[in-house]
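Enquirer: Dropping a structure here in structure tokens format, bear with me for questions.
The values are calculated or read from the model by the stated rules, or taken from the named source; none is laboratory data. The structure presented is a predicted model; accordingly, all values stated were derived computationally and were not measured. All Cβ positions, even for glycine, are placed from backbone atoms using ideal geometry, and neighbour counts span all protein chains on display. Note: accessible area is taken over every heavy atom of the protein model, side chains too, but ligands, DNA and RNA are not part of it. Shrake-Rupley method; radii C 1.70, N 1.55, O 1.52, S 1.80 Å.
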Amino acid sequence: MSSEVMTPVSAWRSLRLGGQEEAGISIPTIPSGVEAQDGKVRHALGPAGEPRILLPVGMHERLPAFKESTALLVADVTYENDGRPIRFIDMMCRVGELESVFSEVAGELLKRIKGGERCRDAVGGTLADFRSLLVAPSNQEISDSEIIGLIGELIVLRSLLEINPDAWQTWRGPAGERHDFRRNFYSLEAKTTARQSDNTVSISSIDQLDAPAGGTLHLKLIVLERAVDAPITVSSMWVQVMKLASQPSKVRELLAQIGCDNPHSSTWNRLAFNLQREAMYQVINGFPRISASSFKGGRVPRGVRSLQYVIDLADAAEFELRKEAVHKFLLRIAG
């Protein structure tokens, strides 16, 4: 097997088909093409075909205690090459459903080591970044509306990141703020539906369609069409977002706040969609909404604790922005 650079996924696939490094160590491996200070970084498989990555370290190097989980095994191992012992940090994914996430972990490790980090330090930093994703998936049920809502927010986030890789900082929905996206005085609320012929969207609170003080609010409508093997899923959108974001680890933390520990899991990816259409509206006076100012004296009636309602955007056509105005607004909020 040559030492050309291979992606983790292609290396594990090759190993499962019987490929391996010629004259390598005492177990089947494939070299990653990345050379660490103490030797080659290698891809390998566990006893049941689990994906692994072997990171060479010095025979007498002191290693910290790396934190394991039900999904991840981290071991200090030694193998032989022509009678010479070679020591590795052995990382193995124990949960098949997390293999896609583990491939991201392996990719990040290779990137750090190629940039000059010692394997020990690369493992510590990478595990810190991925701590929220390398957890065995829970059995929690995820509703269709949660999946659809997350896809919509990721579509918006992607469009902002295409303008500015730092625009992940505008994603405020995971923190429970009033609007999904905000930068300074500019706010954006994303509403996603899979009902093609229905322009109605649900508003969850009395102030959701109120602009921030002294600022502006826009509403983005995203209409999805459900279809088998369609290209838009939580996983596919996540991959695109991660390629664009300046600090992927920060975006992972935001995703975890939503309750999505693994964006590649079958739970979050049981639905797939095509993008039917998008529209952007400026929420200003006259836009169909209910706010505190809708009531006498500008105050919600006494005893009313919450208010949810539905609006029909067919009655908001005059507030829809043209393509040029949409781009101008996105430039402002992306920063």
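Enquirer: Using Cα centres only, tell me the gap between the range 290-335 and the range 14-53 in whole Å.
Expert: What the calculation gives is 56 Å, centre to centre.
Enquirer: Here's a follow-up. What accessible area per residue comes out for the chain, rounded to a whole number of Å², with a 1.4 Å probe?
Expert: On the way: 16620 Å² over 335 residues.
Here the residues of the chain average 50 Å² of exposed surface.
Enquirer: Dipole size in debye (nearest 20) for the chain around its Cα centre, Lys and Arg Cβ +1, Asp and Glu Cβ -1?
Expert: 900 debye
Enquirer: Please work out how many pairs of lysine residues in the chain are eight or more positions apart (or on different chains) and have Cα atoms closer than 29 angstrom.
Expert: 25
Enquirer: Using the Karplus curve 6.51 cos²θ - 1.76 cosθ + 1.60 with θ = phi - 60°, what ³J(HN,Hα) values do you get for each residue of the range 22-29, in whole Hz, with x for Gly and Pro?
Expert: 6, 6, x, 7, 7, 10, x, 9
Enquirer: Only helices at least 18 Å long along their axis, Cα-based, and averaging 1.0 or more on Kyte-Doolittle count here, so list those DSSP H runs from the chain.
Expert: Those that pass (Cα extent of 18 Å or more, hydropathy at least 1.0) are 144-163.
Enquirer: What residues qualify as long-range amide H neighbours of Leu307, i.e. H under 5 Å apart, gap of 5 or more or another chain, H built at 1.01 Å from N?
Expert: Ile206
Enquirer: Additional query: With viscosity set to 1.567 mPa s and temperature to 4 °C, compute the Stokes-Einstein D of the chain, Rh being the Kirkwood radius across alpha carbon pairs; µm²/s, no decimals.
Expert: Values: Rh = 22.5 Å.
It comes out at roughly 57 µm²/s.
Enquirer: Turning to a different aspect of this structure: Could you tell me which residue out of Ala48, Ala230, Gln37 lies farthest along the dipole of the chain toward its positive end? Charges go on the beta carbon: Lys and Arg +1, Asp and Glu -1, centred on the Cα centre.
Expert: Working it through, the farthest residue towards the positive pole turns out to be Ala230.
Enquirer: Quick one: compute the contact order of the range 1-154, relative version, from alpha carbon pairs under 8 angstrom and 6+ residues apart, as a percent.
Expert: 19 percent
Enquirer: For the range 215-226, in order, what is each residue's ³J(HN,Hα) by Karplus, 6.51 cos²θ - 1.76 cosθ + 1.60 with θ = phi - 60°, in whole Hz (x at glycine and Pro)?
Expert: Whole-Hz 3J(HN,Hα) from phi for the range 215-226: x, 10, 10, 10, 10, 9, 9, 10, 10, 9, 10, 6.
Enquirer: A further question follows. Mind checking the dipole of the range 222-299: about its Cα centre, +1 per Lys or Arg Cβ, -1 per Asp or Glu Cβ, Debye to the nearest 20?
Expert: Charge dipole of the range 222-299: 380 debye, to the nearest 20.
Enquirer: Ok, one more. Rg over Rh of the range 252-319, using C-alpha atoms and the Kirkwood radius, what does it come to?
Expert: Value, to two decimals: 1.13.
Enquirer: Going by amide H atoms built from the backbone, whose H comes under 5 Å of the H on Ala36, apart from near neighbours?
Expert: Excluding prolines and chain starts, which carry no amide H, the hits are Val41.
Enquirer: Roughly how big is the range 1-108's charge dipole about its Cα centre, with Cβ charges of +1 (Lys, Arg) and -1 (Asp, Glu), in debye to the nearest 20?
Expert: 140 debye
Enquirer: Express as a percent, rounded to the nearest 5, the fraction of DSSP beta bridges in the range 147-294 (both residues included) that run antiparallel.
Expert: 65 percent
Enquirer: Considering only Ser291, Ala194, Val95, whose Cα is most displaced toward the positive end of the charge dipole of the chain, charges sitting on Cβ of Lys, Arg (+1) and Asp, Glu (-1)?
Expert: It is Ser291, whose Cα lies furthest towards the positive end.
Enquirer: Test of understanding: what is the full-extension gain from Glu318 to Glu99, defined as 0.36 nm times their sequence separation minus their Cα-Cα distance?
Expert: Full extension from Glu318 to Glu99 adds 74.1 nm.
Enquirer: Heavy atoms only, probe 1.4 Å: what % of the accessible area of the range 1-133 goes to carbon and sulfur, would you let me know?
Expert: Of the solvent-accessible surface of the range 1-133, carbon and sulfur hold 50 percent.
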